[in-house]
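The values are calculated or read from the model by the stated rules, or taken from the named source; none is laboratory data. Given the structure is predicted, the values throughout are model-derived calculations rather than measurements. Methodologically, a virtual Cβ is constructed for each residue, glycine included, from the backbone with ideal geometry; neighbour enumeration extends over all protein chains shown.
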Amino acid sequence: MSKSASGTLEQKGKNFKAKSGLNKSILDQGWSMMMNMLEHKQAWKGGLLLKVNPQYTSQTCNKCGHVAKENRQTQAKFECVECGYVANADIKAACNILAVGHTVLSVERMR
């Protein structure tokens, strides 16, 4: 989100000043404060905010369970080197995060 605007030092890209201000705003935010607010609002509405570690979720195949850096060939493409399953990498990561969340919730219910 905070990627620099295209261009060079001599010839700035389009909306250079606006992008610079946006980058500063993004990087200045207190992300833990945002999580606290989300948690509070979910509790207030009767919901639940479940924090899931996203580590390796975009590199894990949910068809065969194989985890490899090579599965995520580009920013957008996921292709399992073990079983050949192909999908959008971000959607695949979201599905894996959802699956982990469901697993955590089912284990919590059993206690």
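I'd like the full set of residues that are farther than 30 Å from Arg109 by Cβ, of a type in the set (A, V, I, L, M) and exposed (fewer than 14 other Cβ atoms within 10 Å of the Cβ), limited to segment 36-94.
Listed by number, the residues that qualify are Ala68, Ala76, Val81, Val86.
Counting only residues that are charged (D, E, K, R) and modelled with pLDDT of 85 or more, how many does segment 1-55 have?
Qualifying residue count for the region: 4.
Restricting to segment 87-111, and then to whatever is polar (S, T, N, Q) and assigned to a helix (DSSP H, G or I), can you tell me which residue is farthest from Gln75 (Cα to Cα)?
Among those residues, the one meeting the criterion is Ser106.
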